[in-house]
1. When the stretch 129-156 is examined, which residues are found to be part of a strand (DSSP E or B) and either among the aliphatic types (A, V, I, L, M) or in contact with a Phe, Trp or Tyr (Cβ under 7 Å, 6 or more places away or on another chain) (or both)?
2. Hey, among Glu196, Glu225, which residue is in a helix (DSSP H, G or I) and without any contact (Cβ under 8 Å) to a residue 12 or more places away in the chain?
3. Note down all Cβ pairs under 7 Å where the first residue falls in the stretch 154-177 and is farther than 20 Å from Lys234 by Cβ, the second is away from the ligand (no atom under 15 Å from the Cβ), and they're at least six residues apart or on different chains.
4. Spot the failing condition for Leu212; the list is (1) without any contact (Cβ under 8 Å) to a residue 40 or more places away in the chain; (2) not basic (Lys, Arg); (3) not in a helix (DSSP H, G or I), and only one is missed.
5. Looking at the stretch 40-67, which of its residues are more than 16 Å from the ligand (Cβ to nearest atom), of a type outside the set (A, V, I, L, M, F, W, C) and under 15 Å from Cys190 (Cβ atoms)?
6. Across the stretch 111-123, which residue is farthest from the ligand (Cβ to nearest atom) among those that are buried (at least 19 other Cβ atoms within 10 Å of the Cβ) and aliphatic (A, V, I, L, M)?
7. Which pairs do you get when a residue that is over 13 Å from Ser79 (Cα atoms), found in the stretch 27-53, comes within reach of a residue that is away from the ligand (no atom under 16 Å from the Cβ) and modelled with pLDDT of 90 or more, reach meaning Cβ atoms under 6 angstrom, with the pair 6+ apart or on two chains?
8. Considering only the stretch 96-110, how many residues are within 12 Å of the ligand (Cβ to nearest atom) and either small (Gly, Ala, Ser) or without any contact (Cβ under 8 Å) to a residue 24 or more places away in the chain (or both)?
Amino acid sequence: MAKVATKSARVATKTPVGATTKRARSVAETAARKAVIVTALEMSRSGLSPGRSGNVSQRFGDGMLITPSGMAYDTLKPSDIVYVEADGAVAKGARKPSSEWRFHLSAYHARPDGYAIVHTHSLHATVIACTGRPIPAFHYMVAIAGGRDIPCVPYSTFGTEELAAYVADGLTERDACLMANHGQITIASCLTGALELAHEIEVLAEQYAKLLAIMPKPPVLADDEMDDVLRRFKGYGQKAQG
Ligand SMILES: [Zn+2]
């Protein structure tokens, strides 16, 4: 027994806790970087982000890992994904983060329960966003964003602090919102969830756009009906706020 204990002690001396933690973080960080790339590729292949629009991030440590600025997703390597610290700092030698990194960071500050963000200029969500209006409860599935409607935050130039503040406001009470004259953004507890929600928002936006074409003022569900749906969604383990 004494011999085993000695051996354990020797191993422990050779592998300080700090080094183990550092190595574990490095393995976890590489996996997280790969997951960001997989999600960005999936977003791109599914047609949700025309051209090089759209970006993906995942909370990591005190900051986040985000897709770089202006690089085609199919060329990305894990080292191209950029770690942005909580105060916006980026390590020397790292790629330039997406020009829209500020609103990703502000959204994480606003939503401590959020771990992944997908932002796209998907066609129909952007069409509705260009009206500057929210998507009302024309269909009960609107509750998937966590409330009675899918709000549309005001326009501001991409990359600005002002837009970051608008997005943080929009995602405080919802898991998704439209961004006027720009696109849509979703937040979830994982990358898959954020991407799935972006798909849901795009489908709802397409349905709503088609509905507006045949009926300028479509009927919307009453607040108490939507509250009932929100309660049921909550029962299914999905995030829903009133
Ligand atoms: Zn954008």
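The values are calculated or read from the model by the stated rules, or taken from the named source; none is laboratory data. This structure is a prediction, so every number in the text was calculated from the model and none was measured. Neighbour counts run over all protein chains shown; Cβ positions are idealised from the backbone, glycine included.
1. Correct list: Ile135, Ile150, Val153.
2. Exactly one of Glu196, Glu225 is in a helix (DSSP H, G or I) and without any contact (Cβ under 8 Å) to a residue 12 or more places away in the chain, namely Glu196.
3. Ala168/His109; Ala168/Ala110; Gly170/Pro151
4. Unmet for Leu212, out of (1) without any contact (Cβ under 8 Å) to a residue 40 or more places away in the chain; (2) not basic (Lys, Arg); (3) not in a helix (DSSP H, G or I): (3).
5. The answer is Glu42, Gln58, Arg59.
6. The selected residue is Ala116.
7. Thr39/Leu191
8. 2
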